[in-house]
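Before any comments, here is the structure.
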2 protein chains.
Amino acid sequence: MNAFYAQSGGVTAVINASACGVIETARKNKNKIGKVYAGRNGIIGALTEDLIDTSKESAASIAALRHTPSGAFGSCRFKLKSLEQNRREYERLIEVFKAHNIGYFFYNGGGDSADTCLKVSQLSETMDYPIKAIHIPKTVDNDLPITDNCPGFGSVAKYIAISTQEASFDVASMAKTSTKVFIIEVMGRHAGWIAAAGGLASTRDNPIPILILFPEVEFDQKKFLARVDAMVKKHGYCTVVVSEGVHWPDGRFLADTGLKDAFGHAQLGGAATVIAGMIQAELGLKNHWAVADYLQRAARHIASRTDVNMAYAMGKAAVQFALKGHNSVMPTVDRLSNKPFKWKVGMAPLNKVANVEKMMPDNFITKDGYGITQKCRNYLEPLIKGEDYPPYKDGMPKYVRMKAIAAPKKLPAFKL
Amino acid sequence: MNAFYAQSGGVTAVINASACGVIETARKNKNKIGKVYAGRNGIIGALTEDLIDTSKESAASIAALRHTPSGAFGSCRFKLKSLEQNRREYERLIEVFKAHNIGYFFYNGGGDSADTCLKVSQLSETMDYPIKAIHIPKTVDNDLPITDNCPGFGSVAKYIAISTQEASFDVASMAKTSTKVFIIEVMGRHAGWIAAAGGLASTRDNPIPILILFPEVEFDQKKFLARVDAMVKKHGYCTVVVSEGVHWPDGRFLADTGLKDAFGHAQLGGAATVIAGMIQAELGLKNHWAVADYLQRAARHIASRTDVNMAYAMGKAAVQFALKGHNSVMPTVDRLSNKPFKWKVGMAPLNKVANVEKMMPDNFITKDGYGITQKCRNYLEPLIKGEDYPPYKDGMPKYVRMKAIAAPKKLPAFKL
């Protein structure tokens with residue numbers, strides 16, 4: 001039997017480490033798993049029978065996936081509809097699986113992808129095709145349930161914590177005659193996990209005045225500006241970590257500026273620019289702002305070792321679960337203790353994972369709404385622990401690209 | 001005799017390595033240099049007699065400056081007027097120098113600071129106060145003349161090259177169904193050195209379709225959009241590195257959007273948002289944008305080892321020059337060869353350095369205006385070579401903060 005592996009949704013700094021875990025573990029079980037086919041551009045690769053034959057990649061290339069960011073086989077934003085709504089796509093999947101003797105389905109993604117994986121796992125019964133479908137958790141948003149955390153998140157958290165600390169050092173040293181407030185915008189449309197990581201920038205050794213704007217907390221302009229003003233008066237400067245998902249009491253995102261550009265089109269937002277504008281206009285404080293965007297989720301150069309290890313372990317466990325006959329499950333990170341940090345691989349049924357969004361617990365945000373609690377720190381700190389540097393050549397990381405040779409097609413074309 | 005050291009202008013990831021070079025070298029010459037006083041917040045510390053006594057800092061703390069970003073003693077944006085215009089300030093400097101027995105003046109900054117240092121060096125003659133004034137080069141903008149490059153630049157260049165490569169990997173893997181263009185805005189108001197570093201993201205092993213928008217090249221919207229369109233059609237995606245200094249043919253910055261926010265105030269710009277807006281509006285291509293801002297110049301976590309070594313060497317050489325009796329000079333990096341990369345410390349007279357801005361040579365930019373030439377690569381590549389990781393504790397870099405104890409004041413207060 002062969003296996004199919006695909007990457008789905010927004011990529012991360014460590015999703016390829018999961019791919020590495022899947023492929024290396026499959027290669028160690030050649031008596032049970034023949035080839036691992038990777039979908040080119042995620043599930044689209046399965047539908048279009050564009051299957052990358054990973055057996056054509058050298059052991060060194062596969063090993064290098066562990067330190068290469070992004071989705072090496074291509075990811076996609078493509079949601080399979082329900083079986084009832086689009087039987088055609090499921091029938092096509094089965095055709096492709098049959099044609100290439102695929103008995104294992106590994107899907108590496110977030111909440112939507114878990115739903116797709118669940119549906120595929122059900123093919124076994126409802127459409128009489130034997131398949132073991134395992135979901136491999138991945139998301140920078142850290143919003144999957146049951147698992148302690150999601151691979152991808154720890155590295156973003158480390159990047160945001162370090163970048164926020166470094167930029168805060170910068171503004172602190174300039175504040176006397178120049179910039180007083182530094183603003184950094186981070187990802188997280190609904191849940192403030194990444195914004196919370198900005199709070200880690202302030203440590204016992206290097207305390208930094210930080211205000212965090214969470215999507216979970218309604219934005220109160222007057223209160224916020226008063227806090228900025230007070231912090232600058234007390235410390236000479238402050239840093240604001242703003243989640244892209246921060247919204248006004250009426251639910252509108254701050255990033256939705258309502259501005260028009262020279263062409264009459266809506267100006268693309270950026271919550272940071274809005275915050276910067278109001279600090280300048282209302283408080284007259286010189287400020288600088290940064291938007292980390294893809295830099296944060298691609299920053300393999302400063303990935304968390306804990307995160308890389310977990311991502312690899314999830315890929316490895318997925319294959320082991322499948323070989324043991326499990327179907328419709330997801331490996332999880334089960335935290336055993338904080339200090340020392342201990343965890344093991346667990347297992348969650350997919351129907352408990354799909355379409356459930358894990359929000360930050362209320363007791364992770366301080367009462368005033370602008371900071372993280374000790375409980376939150378205890379949760380986050382182990383996830384950013386350890387560095388896992390890629391190898392370098394002439395000053396640049398040695399990231400790998402796949403040869404990505406497709407298996408010969410056996411079926412007629414399929415229109416998406 | 002004691003020494004005075006100050007940091008000036010925008011800080012960098014390695015300016016503290018120069019401070020480390022100054023202080024460690026002075027400590028090795030205790031028979032000639034008594035104390036090193038650091039101006040709190042740059043030259044302001046000298047005027048206000050706010051002198052940090054670096055002898056109160058442990059050897060370990062001083063050594064840790066080598067891996068700590070920002071200006072550990074505080075920097076400032078404060079330009080001394082000319083001697084004729086503001087004799088009062090120069091007289092105050094001499095009063096402070098006399099009161100604290102300061103015979104060496106080390107000023108760590110860019111073009112404006114070189115000018116200040118030059119004026120101080122002239123005090124010796126015009127105001128009959130013996131002082132050796134040495135300028136220590138520092139700028140992320142890389143725009144000082146004579147020296148091959150400026151400490152601070154190599155680390156920004158490395159950060160931008162790596163970040164651009166990582167984000168390009170990200171967009172490449174998503175391009176099939178999602179984002180097609182990634183835009184990153186970098187510093188550089190007049191000279192495109194940092195933007196040029198974005199070109200290093202594309203390597204032989206990992207070629208990436210990149211368009212660079214330099215401040216040196218007039219922005220031609222139609223031509224630019226046609227290039228983006230062609231690149232996306234050919235490669236499926238592309239990356240745009242835009243300098244904050246990019247301007248329209250009439251000289252207006254792109255970042256000057258002319259927009260008003262909800263309060264009627266001018267919307268803070270960001271050239272990246274303007275580029276993103278036009279790509280969306282005119283080409284209908286989904287895009288993402290990032291603004292690196294302070295993150296790029298504070299990113300000590302991925303500093304260039306070459307840059308760190310040069311920054312330290314410049315600080316060390318400054319003290320050695322002073323001890324040899326030089327005045328009104330600046331240590332320089334003299335490049336001896338590209339492959340293998342060899343350089344030595346040279347010396348430039350300050351009157352040839354002050355107020356001269358080094359622009360990119362024309363032959364560093366490709367004829368079409370959107371890329372870097374091989375000559376430019378040959379210049380840039382050695383500067384980003386080598387990694388120089390800071391030590392870590394619990395997932396965060398161990399950056400140091402000074403105790404920053406001021407020497408007792410001996411003079412009446414001075415109003416700035």
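For the protein assembly as shown, with all protein chains present and a 1.4 Å probe, just round the carbon and sulfur fraction of the accessible area to a whole percent. Could the numbers behind the result be given before it?
On the way: 14830 of 29510 Å².
Answer for the protein assembly as shown: carbon and sulfur cover 50 percent of the accessible area.
Of the peptides A:278-288, B:105-115, how do they stack up when ordered by the mean number of other Cβ atoms within 10 Å, highest first? Don't skip to the end; give the middle numbers.
Details: A:278-288: 18.3, B:105-115: 26.0.
Answer by packing, highest mean first, reads B:105-115, A:278-288.
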Assigning unit charges at the beta carbon (Lys, Arg +1; Asp, Glu -1) and nothing else, what dipole magnitude in debye, to the nearest 20, does region B:153-298 show about its Cα centre?
380 debye
Would you mind calculating the relative contact order of chain B from Cα pairs under 8 angstrom and at least 6 residues apart, reporting the percent as a whole number?
23 percent
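As a test of the definition: with a 1.4 Å probe, what buried accessible area, both sides summed, do you compute for B against A, in Å² to the nearest 100?
By this definition, chains B and A bury close to 7000 Å².
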To two decimal places, what compactness ratio does region B:332-380 give when its Cα radius of gyration is scaled by 2.2 N^0.38 Å?
1.43
Give the Cα extents of chain A along the principal axes, in whole Å, largest first.
68, 49, 43
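Using the Cα centre as the reference, give the magnitude of the dipole from point charges on the C-beta atoms of chain A (Lys, Arg: +1; Asp, Glu: -1; all else neutral), rounded to the nearest 20 debye. Walk me through the numbers before you get to the answer.
On the way: 53 positive and 39 negative charges, 250 e Å.
Dipole about the Cα centre, nearest 20: 1200 debye.
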Distance in nm between label sites at residue A:323 and residue B:63, each 7 Å beyond Cα in the beta-carbon direction?
4.7 nm
Checking the cross-link filter: which aspartates and glutamates have an alpha carbon closer than 15 Å to that of residue A:342, excluding same-chain neighbours under 8 positions apart?
A:148, A:307, A:334, A:381, B:394
Note: the protein assembly as shown, point scatterers on Cα, Debye, no solvent; log10 I/I(0) at q = 0.06, 0.07 Å⁻¹ equals -0.40, -0.54
How high is the relative contact order of region A:105-161, in percent, with contacts defined as C-alpha pairs under 8 Å that are six or more residues apart?
31 percent
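With a 1.4 Å probe and all protein chains kept in place, how do B:135, B:67 rank by accessible area, largest first?
On the way: B:135 0, B:67 35 Å².
Accessible-area ranking of B:135, B:67, largest first: B:67, B:135.
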Put A:48, B:239 in order of accessible area, largest first, probe 1.4 Å, and you get A:48, B:239
Gain on full stretching of the segment that runs from residue B:334 to residue B:125 - 0.36 nm per residue minus C-alpha separation:
72.3 nm
Out of the trypsin sites (Lys or Arg not before Pro) in region B:23-75, which ones are loop residues according to DSSP with at most 10 other C-beta atoms within 10 Å?
B:30
Name the residues of region B:290-313 whose accessible area, probed at 1.4 Å, falls by at least 40 Å² once all protein chains are in place instead of their chain on its own?
B:291, B:293, B:294, B:295, B:298, B:301
Which residues does the label zone of residue B:28 cover in region B:65-105, counting backbone N under 18 Å from a point 7 Å along Cα→Cβ?
B:65-67
For residue A:341 and residue B:355, FRET efficiency with R0 = 51 Å and r from the beta-carbon atoms, rounded to 0.05?
0.40
Per-copy distances of the residue B:189 label point, shortest first, in nm (7 angstrom along Cα→Cβ):
3.7
If you put +1 on each Lys and Arg Cβ and -1 on each Asp and Glu Cβ, how big is the dipole of the protein assembly as shown around its Cα centre, in Debye rounded to 20?
2160 debye
Pop a pseudo-label 7 angstrom from the Cα along the beta-carbon direction at both residue B:248 and residue A:367 and give the gap in nm to one decimal.
5.3 nm
Among B:337, A:159, B:408, whose Cα sits farthest toward the positive end of the charge dipole of the protein assembly as shown (+1 at Cβ of Lys/Arg, -1 at Cβ of Asp/Glu, about the Cα centre)?
B:337
Let me confirm one metric for peptide A:393-406, namely the mean number of other chain beta-carbon atoms within 10 Å of its residues' beta-carbons.
5
Nearby aspartates and glutamates by direct alpha-carbon distance to residue A:367 (threshold 15 angstrom, same-chain neighbours under 8 apart not counted):
A:216, A:218, A:220
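Could you list, in their original order, any pairs among A:30/A:409; B:32/B:385; A:233/B:35 whose Cα atoms are separated by more than 28 Å? Can you show the working numbers first?
Numbers: A:30/A:409 23 Å; B:32/B:385 36 Å; A:233/B:35 33 Å.
Among A:30/A:409; B:32/B:385; A:233/B:35, the Cα-Cα distance tops 28 Å for B:32/B:385; A:233/B:35.
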Exactly which chymotrypsin sites (Phe, Trp or Tyr not before Pro) in region B:3-102 are in a DSSP loop and have at most 16 other Cβ atoms within 10 Å?
none
For residue A:413 and residue B:230, extending 7 Å from Cα along the Cα-Cβ vector and measuring point to point gives, in nm, a value of 2.7 nm
Using the 7 Å Cα-to-Cβ label point, sort the distances from residue B:286 to its equivalents in the other copies shortest first and give them in nm to one decimal.
4.0
For label points placed 7 Å from Cα toward Cβ, what is the shortest-first list of nm distances from residue B:375 to its copies?
6.4
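Tell me, what is the per residue accessible area of the protein assembly as shown in Å², probe radius 1.4 Å?
Numbers: 29510 Å² over 832 residues.
On a per-residue basis, 35 Å².
Tell me, what is the percent relative contact order of region A:248-379, built from C-alpha pairs under 8 Å that lie six or more residues apart?
Values: 100 pairs, mean separation 13.8, N = 132.
Relative contact order comes out at 10 percent.
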Could you state the number of Å between the C-alpha centres of region A:375-391 and region A:1-75?
26 Å
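Using the Kirkwood radius over Cα pairs, work out the Stokes-Einstein diffusion coefficient for region A:153-298 at 25 °C and 0.890 mPa s, in µm²/s as a whole number. Walk me through the intermediate numbers first.
Values: Rh = 15.3 Å.
Reported coefficient: 160 µm²/s.
So, R0 is 22 Å and r is the distance between the beta-carbons of residue A:256 and residue B:283; what FRET efficiency does that work out to, to 0.05?
Details: r = 22 Å, r/R0 = 1.02.
With R0 = 22 Å, the Cβ-Cβ based efficiency is 0.45.
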Among B:302, A:193, A:235, the residue whose Cα sits farthest towards the positive end of the charge dipole of the protein assembly as shown, when +1 is placed on the Cβ of each Lys and Arg and -1 on the Cβ of each Asp and Glu, is B:302
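The values are calculated or read from the model by the stated rules, or taken from the named source; none is laboratory data. Small disclaimer: the values here were computed from a predicted structure and weren't measured. Here Cβ is always computed from backbone atoms with ideal geometry, including for glycine, and neighbour counts include all displayed protein chains. The accessibility values were calculated without ligands, DNA or RNA, using every heavy atom of the protein model including side chains. Shrake-Rupley method; radii C 1.70, N 1.55, O 1.52, S 1.80 Å.
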